[in-house]
Amino acid sequence: MQLFLIRHAQSQNNALPEAQRVEDPPITEIGHQQAKHLAAVLPELELTHLITSPFRRTLQTTEHLRQATNLVPHVRPELHELGGCMRGPSVAEMVGAPGMNREEILAEFIDYQVCETIDGNGWWGGKPYELLEAAQLRAKKLLARTREEFGETDARVAYVMHADFKRIFLEQFSIVPQTPWNASLTHVSIAPDEIRVVDYNNIDHLPAELHTA
């Protein structure tokens with residue numbers, strides 16, 4: 001299989017100091033432009049599956065990609081950012097927020113396939129902050145599920161995800177990743193006996209004025 005890891009386009013939080021950030025921001029106007037440029041090159045990847053985190057910024061990025069590929073996106077909580085959906089100015093002061101629930105997602109993102117675990121209580125459900133060790137275990141499970149679901153197929157799968165969790169996931173391949181750019185592409189080839197990073201943190205599709213991290 002061929003796996004493409006896509007970091008979401010610039011969110012309002014990316015453009016704000018940490019103390020002003022909110023739990024589930026939309027993408028900015030720059031973010032929409034980034035997603036449009038990314039969508040323009042996406043047909044070249046010949047994707048067969050489009051899978052996204054349930055945060056608003058990933059869903060909004062995915063919507064541009066959906067329009068370019070005509071794929072039905074699948075919404076899976078396992079792709080969420082390190083920590084979960086949290087409110088507060090710092091990790092020490094954060095409390096869990098619900099996150100978007102099934103009805104809210106489907107009202108805004110019609111015909112998406114939403115994971116059955118997302119119900120009326122929201123995808124995060126107010127849980128406490130997810131610690132690094134838990135995120136590392138989640139990344140390990142995600143890699144195992146990816147290989148089980150697609151590993152021995154010709155599938156070309158895109159995961160629309162987040163900077164910190166993308167780094168944690170790539171650590172499963174024994175590489176030390178850098179901070180990924182917004183709307184960047186990382187290409188990983190997965191075979192039964194080999195995992196190989198083909199391209200990393202690629203932003204060739206973005207003009208220089210749209211480079212944000």
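Key figures
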| quantity | calculated |
| --- | --- |
| Residue 121 versus residue 172: modelled label distance in nm, points set 7 Å from Cα along the beta carbon direction | 2.6 |
| Ellipticity estimate at 222 nm from DSSP helix runs (n ≥ 4, -39,500 (n - 2.57)) divided over the chain, nearest 500 | -9000 deg cm²/dmol |
| Residue 179 paired with residue 204, simple spin-label distance in nm, labels 7 Å along Cα-to-beta-carbon | 2.5 |
| 12 Å beta-carbon shell around residue 143, net charge (K/R +1, D/E -1) | +1 |
| Set of lysines with alpha-carbon distance to residue 36 below 28 Å, sequence-local pairs under 8 removed | 166 |
| Estimated FRET transfer efficiency when R0 is 30 angstrom, pair residue 194-residue 132 (beta carbons, to 0.05) | 0.65 |
| Residue of 60, 34, 178 that the Gaussian network model of the chain assigns the largest fluctuation, springs spanning Cα pairs under 10 Å | 178 |
| GNM result for the chain, Cα springs below 10 Å: residue of 173, 55, 165 fluctuating most strongly | 173 |
| Student exercise, the chain dipole from Lys, Arg, Asp, Glu Cβ charges, in Debye to nearest 20 | 240 |
| Lysines whose Cα lies under 19 Å from that of residue 127, excluding same-chain neighbours fewer than 8 positions away | none |
| Point-to-point label distance, residue 72-residue 141, nm (Cα→Cβ direction, 7 Å offset) | 2.5 |
| Solvent-accessible area, 1.4 Å probe, carbon plus sulfur percent, for the chain | 49 |
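The values are calculated or read from the model by the stated rules, or taken from the named source; none is laboratory data. All of these numbers come straight from a predicted model, not from anything done at the bench. As a convention, Cβ positions derive from the backbone with ideal geometry for all residues, glycine included, and neighbour counts pool all protein chains shown. Heads up: the accessible areas ignore ligands, DNA and RNA and are worked out on the full protein's heavy atoms, side chains in. Shrake-Rupley method; radii C 1.70, N 1.55, O 1.52, S 1.80 Å.
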